[in-house]
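Structure record follows, encoded as structure tokens.
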Amino acid sequence: MTVHLCRSSKILPTLAHTGFRLAFQGMEAIVTLLDNPTSRDFVAALPLTVTLSDHVTTEKIARLPRKLSTKGAPAGVDPSIGDVTYYAPLGDLAIFYKDGRYTSGLVPIGRVESGLEKLAALERDVTITIRKVEGGSR
């Protein structure tokens, strides 16, 4: 089983060979999912098409069409570069391209494995498509 080290928490297990692909402007980013109720609920909602926007020059955010489960989630996390999180109070997906600060209601759901620099370079709002990937299809 692979693991993800988050600054604000202990080592977290990932869903074996499961992740998602963000497709945007002819490019893509690949994310490995953590094994928790929030990430499993997110995968169940895929595929999705959402608008990705910059937030405080630290993260890219997208409003999800429905709230996700936060069962067993920590009170908050201190996100690192590459962390993919769910901001429960607003129902937003948040992808950190710079280190963030501890935020209540932030739930870790994954880690960007490739393409983070492409996401960070986006200067405007962009429509992205998110699809589940498994095994060697990444």
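Bear in mind these aren't lab numbers, they're just calculated from the coordinates by the rules spelled out. Just so it is clear, the structure is predicted and the values come from calculations on it, not from any experiment. Every residue, glycine among them, receives a Cβ derived from its backbone with ideal geometry; neighbour counts consider all protein chains shown.
Quick notes
- Structural descriptor for the range 71-115: relative contact order 47 percent, calculated from alpha carbon pairs under 8 angstrom and at least 6 residues apart.
- Between D99 and I81, the built amide H atoms are under 5 Å apart, and every one of these is 5 or more places off in sequence or on another chain.
- Reduced Cα scattering model of the range 3-133, Debye log10 I(q)/I(0), q = 0.10, 0.15, 0.22 Å⁻¹: -0.26, -0.61, -1.50
- Alpha carbon centroid spacing (whole Å) that separates the range 38-52 from the range 54-131: 12
- Inter-label distance, A121 to M27: 0.5 nm, where each label sits 7 Å from its Cα along the C-beta direction.
- Computed lengthening from V56 to T129, 0.36 nm per intervening residue step minus Cα-Cα distance: 24.0 nm
- Seen from Y86, the other residues with C-beta closer than 14 Å to its C-beta sum to a net charge of +3, counting Lys and Arg as +1 and Asp and Glu as -1.
- When you restrict to C-alpha pairs under 8 Å that are six or more residues apart and normalise by the size of the range 3-133, the relative contact order lands at 34 percent.
- Couplings for the range 118-124, taken from phi via the Karplus curve 6.51 cos²θ - 1.76 cosθ + 1.60 with θ = phi - 60°, read 5, 5, 4, 6, 5, 9, 10 Hz in order; Gly and Pro are left as x.
- Footprinting exposure proxy for T70, T18, T49 (fewest neighbouring C-beta atoms within 10 Å first): T49, T70, T18
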